[in-house]
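*Asks:* Let me give you the structure first, and then I'll get to my questions.
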Amino acid sequence: MSGVDETVIGHSIKIEGDLVSNGSIAVEGEVIGSIKTEQTLKIGAQAKVTAEVKAQSAIISGKVEGNIVVEDKLELNESAEVTGDITAKVVSIAAGAVFNGKCTMSNGRKSSEKAEVQG
Amino acid sequence: MYYYIYDSYLSEEKYEKVIDRVKTRLLDLEIQGRHEKLTMLKSVDELVVDEAKRGTNTIIVVGNDKTFLKIVDAAAKNNITLGYIPIGVGNLLADCLGLPPEDKAAEVIAARKIVSFDLGRVANQYFFANLTISKNLDRLSVEKDNYKIVPQGDCVEIGVSNFYFPAEGESLDRKMKKFSAQDQRLELVIKTKSEKKHWFSRRPIGQLVDSVIQGTEFRIKSFEYLPITLDGYKIIKTPAVVDVAPVKLKVIVGKGRLSNIN
């Protein structure tokens, strides 16, 4: 825990504004605005996020409306509902996940592979 | 020279023998000093200020967690090192600091292992443990950096913790590692009702930590004046800005202190 924030947003609060952390963030409640973390972002099954999201890696099980930019790996679990464009190096979408938007994948090289998925 | 402050409840007859044992042990360990009992007429703050003027740099609190917490503000403002001899039951803060009860704590005082702790600050008052708000939470919000935290319906308590010590029966281990009173950060802690229910009344038992947000400053705002309880003994009102105090509190701790205390 030294030197980094660790943020847990439970179901009993709502966040409005720009949530920025240099530590990991776990969201089980509601966030409206933007989320930015230099580490892992976890969005739980009960969470409702209406925000632009930036993270090192992300595991999404809840509802997200907004664009998601992830440096490393983005996982959409079966209960995830994402409406917005996603950008990540590695993307994993479980069967049952709902995704409406554009998916841009980059493996770090100049050329990038693009994929569009309609959920 | 040590200065010992005894809480007023220790004047009760049942504590006579315990106090005698403590005083004898202090004598054995050659850490005796002047002794003072708190009364309705003697405020902790005045005693500490007077002692600081006399050149005392270590004050030993003899009492319970509440006695210790009441003296923190004045001690920090006067650069006093605090020791603590817990007497009675349920002194959870003493347990966290590795302080055994009664005369056994005298040995910890004699060993003089001193640790510096952060403090929280609100309305020019320093606090060691936390501040809490548990009424009309739907009428307040907390701001941090560029965002606002709005409590929802099932929120039962909002607190800002510096030193988190658990309620009786609450687990110490995993949760405690998240909180440190030595990291120059405070934690905004939001609690909800526990879903565990009493076996016969079906009423919820206790509270659960629902959200934790770390930061160095929180701004508490409300539509009306709401009471904020500071370290369980003092009431101030909203609005309030809570931040990490610019001073630290030196405390004598024991070997059995929590593993997250360096």
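The values are calculated or read from the model by the stated rules, or taken from the named source; none is laboratory data. Because the structure is predicted, anything quoted here is derived from the model rather than measured. Reconstructed Cβ throughout: ideal geometry from the backbone, glycine too, with neighbour counts over all protein chains shown.
*Asks:* Where the second residue is at pLDDT below 65 and assigned to a loop (DSSP other than H, G, I, E, B) and the first is within 9 Å of chain A (Cβ to nearest Cβ) and under 24 Å from B:VAL241 (Cβ atoms) and lies in segment B:161-187, which pairs have Cβ atoms under 8 Å and are six or more apart or on separate chains?
*Replies:* That search, which allows pairs on different chains as well, returns B:LYS178/A:MET1; B:SER180/A:MET1; B:SER180/A:SER2; B:ASP183/A:MET1; B:ASP183/A:SER2; B:ASP183/A:GLY3; B:ARG185/A:ASP5.
*Asks:* Hey, can you tell me all the residues within segment A:40-51 that are out of contact with any Asp or Glu (no Cβ under 6 Å at 6 or more places or on another chain) and surrounded by fewer than 17 Cβ atoms within 10 Å (Cβ to Cβ)? Walk me through it before giving the result.
*Replies:* Going through segment A:40-51, the residues out of contact with any Asp or Glu (no Cβ under 6 Å at 6 or more places or on another chain) turn out to be A:40-43, A:45, A:49, A:51.
Matches in segment A:40-51: A:ALA45 only.
*Asks:* Also, quick follow-up: I'm trying to understand the selection: among the residues of segment B:211-234, which are more than 14 Å from chain A (Cβ to nearest Cβ) and either part of a strand (DSSP E or B) or without any contact (Cβ under 8 Å) to a residue 40 or more places away in the chain (or both)? Break it down into steps so the answer makes sense when it comes.
*Replies:* Of all residues in segment B:211-234, those more than 14 Å from chain A (Cβ to nearest Cβ) come to B:222-234.
B:SER222, B:TYR225, B:PRO227, B:ILE228, B:THR229, B:LEU230, B:LYS234 - these are the residues of segment B:211-234 that are more than 14 Å from chain A (Cβ to nearest Cβ) and either part of a strand (DSSP E or B) or without any contact (Cβ under 8 Å) to a residue 40 or more places away in the chain (or both).
*Asks:* Also: Checking B:SER43 against (1) without any contact (Cβ under 8 Å) to a residue 24 or more places away in the chain; (2) more than 21 Å from the chain's Cα centre (by Cα), which test does it fail?
*Replies:* All conditions are met except number (2).
*Asks:* Tell me whether segment B:55-63 contains one or more residues that are part of a strand (DSSP E or B) and over 24 Å from B:PHE127 (Cα atoms). Walk me through how you get there before you give the answer.
*Replies:* Let us first name the residues in segment B:55-63 that are part of a strand (DSSP E or B), namely B:58-63.
From what's left, over 24 Å from B:PHE127 (Cα atoms): none.
Within segment B:55-63, none of the residues are part of a strand (DSSP E or B) and over 24 Å from B:PHE127 (Cα atoms).
*Asks:* Still on this structure: When you check B:ASP50 against the structure, is it buried (at least 24 other Cβ atoms within 10 Å of the Cβ) and either at pLDDT 95 or above or part of a helix (DSSP H, G or I) (or both), yes or no?
*Replies:* Spelling it out, it is not the case that B:ASP50 is buried (at least 24 other Cβ atoms within 10 Å of the Cβ) and either at pLDDT 95 or above or part of a helix (DSSP H, G or I) (or both).
*Asks:* Considering A:LYS63, A:LYS48, which residue is closer than 20 Å to B:VAL150 by Cβ and within 13 Å of chain B (Cβ to nearest Cβ)?
*Replies:* Details: A:LYS63 fails: within 13 Å of chain B (Cβ to nearest Cβ).
None of the other options fit; the residue is A:LYS48.
*Asks:* Provide a single number: the residues in segment B:208-262 that are farther than 30 Å from B:ALA105 by Cα and not basic (Lys, Arg). Explain how you work it out, then say what you get.
*Replies:* Taking segment B:208-262 first, the residues farther than 30 Å from B:ALA105 by Cα are B:208-228, B:235-243.
From what is left, the residues that are not basic (Lys, Arg) are B:208-218, B:220, B:222-228, B:235-236, B:238-243.
Residues in segment B:208-262 being farther than 30 Å from B:ALA105 by Cα and not basic (Lys, Arg): 27 in total.
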